[in-house]
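The block underneath contains the structure these notes are about, expressed in structure tokens.
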Amino acid sequence: MKHLKFQKAKIISEAQLFWTLFHDYNPNVRPVSNKSSPITVWVEYYLFTIVFIVNIEKIHQKWIDSFLKWNMSEHHNISSIVTNAKDVWVPDISVRNGVESLSVVDHKSPQKLIIKSNGEISFDFVRETRVFCHLDFTYFPFDQQKCQIYIDSWTYNTEWVVFKASVNKINLKHHSAHEQWHVLDTRVKLNERVYPEIKSNFSEIIFIMHLKRYPLFHFTYFIYPCVVTFVFAQLVFLVPTGTRKKIGFSITVLLSFTVFLDTMFYVLPEIGDYVPYLTVYVVFVMFMSSLFLFTTIIILILHHHSEDEPPPNWLQYIIL
């Protein structure tokens, strides 16, 4: 009975605490006692999985809200409460090299956050973020890439909000291995972005990922068949000329490589600032295969040409 009374009293006390904290609270106002002081937001990045330029992650934020503090002894030792994010001021964190804002908290938002008695707020949210990275495909598929995620505020400059890193690495505790990319290393860098046109500085935190591609798939299904096809293309010169299969063999190899090249179109990256060596090799092999076919045709013309007649003028011009 006493336990039930205590629980009821605690519920009433928690309701009173909510009323005390939020009856005149404005989530649009920065929660600082001194308006000239910035709020420090501690940020930690949890990487869950990689879908190349699309990442599934959790952004963990912490800051002190000076308006949401209470004395535990006056409220049945309640140390923390959970409330809707839309009812509390939150920093408008965004991904600078992404296509959309990170912290979209509106009146329909289901996100929750935790408030401690000392005013510390912990806010986590999981989402899919599209990030555009500058990629170097020169050594594709044996390439290593560096992808940077720029997080800052769209609205608040350094006079209002300053970002700090909770740790100096991206948290990979919940990371699921990707079938194509392996995370070699991560680090966190703090920066202050300057905008001369508006004469203002913005606090920025950069999460850097060093990625390495697993080349086994591309080697097995593309590089190895390409090398084998090129070797077979050269074997056409070992086929006896009198068998009448020389030209057929050469055309078959060239056609098989053409089909193979059509498949590679969907795997090779689009050419941008860098041309992959694999692309150069494929073009070279295609050219050499065509040259082998042309040489085979000339050999057959000479083989079946009458010894009493001179070679065609065009052939003399090419050879001589």
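Numerical summary
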quantity: Interchain or long-range residues, amide H under 5 Å from residue 90's placed H; calculated: none
quantity: Ranked packing of 64-72, 193-201, most packed first, by mean Cβ within 10 Å; calculated: 64-72, 193-201
quantity: Estimated FRET transfer efficiency when R0 is 41 angstrom, pair residue 148-residue 36 (beta carbons, to 0.05); calculated: 0.80
quantity: Dipole axis of the stretch 12-214 (+1 Lys, Arg; -1 Asp, Glu on Cβ), positive-most option in 203, 161, 145; calculated: 145
quantity: Student exercise, the stretch 168-227 dipole from Lys, Arg, Asp, Glu Cβ charges, in Debye to nearest 20; calculated: 140 debye
quantity: Long-range HN-HN contacts of residue 131 with modeled amide H, under 5 Å; calculated: 54, 55
quantity: Packing-based ranking, highest mean first, of 246-253, 171-178 given that Cβ atoms within 10 Å are counted; calculated: 246-253, 171-178
quantity: Computed magnitude of the charge dipole of the stretch 12-214 (debye, nearest 20; Cβ of K, R +1, Cβ of D, E -1); calculated: 320 debye
quantity: In Hz, Karplus ³J(HN,Hα) per residue of the stretch 285-300 (6.51, -1.76, 1.60; θ = phi - 60°; x = Gly, Pro); calculated: 5, 5, 5, 5, 5, 5, 5, 5, 5, 4, 5, 4, 5, 4, 4, 5
quantity: FRET efficiency, 1/(1 + (r/R0)^6) with R0 35 Å, evaluated for residue 298 and residue 277 via beta carbons; calculated: 0.65
quantity: Alpha carbon convex hull of the stretch 12-214, volume per residue in cubic angstrom; calculated: 138 Å³
quantity: Cut-off under 5 Å, modelled amide H: who pairs with residue 111 long-range; calculated: 85
quantity: Relative contact order (%) - the stretch 110-199, alpha-carbon pairs under 8 angstrom, separation at least six; calculated: 16 percent
quantity: Pairwise FRET efficiency - residue 291 versus residue 265, Cβ, R0 = 22 Å, nearest 0.05; calculated: 0.50
quantity: Extension gain from residue 29 to residue 76, taking 0.36 nm per residue of separation minus the Cα-Cα distance; calculated: 14.0 nm
quantity: Neighbourhood net charge (10 Å Cβ-Cβ; Lys/Arg +1, Asp/Glu -1) for residue 151; calculated: -1
quantity: Nearest-20 debye value, the stretch 111-258 charge dipole, Cβ charges on Lys, Arg, Asp, Glu; calculated: 580 debye
quantity: Exposure proxy ranking, count of Cβ atoms within 10 Å, fewest first, for 127, 213; calculated: 127, 213
quantity: Note, ³J(HN,Hα) from phi for the stretch 224-235, Karplus 6.51, -1.76, 1.60, rounded to Hz, x at Gly and Pro; calculated: 4, x, 5, 5, 4, 4, 5, 5, 5, 4, 6, 5
quantity: Ranked list, fewest to most other Cβ atoms within 10 Å of each Cβ, for 185, 262; calculated: 262, 185
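None of the figures in this text is laboratory data; all of them are computed from the coordinates on show. Values in this document were obtained by computation on a predicted structure and should not be read as measured data. Reconstructed Cβ throughout: ideal geometry from the backbone, glycine too, with neighbour counts over all protein chains shown.
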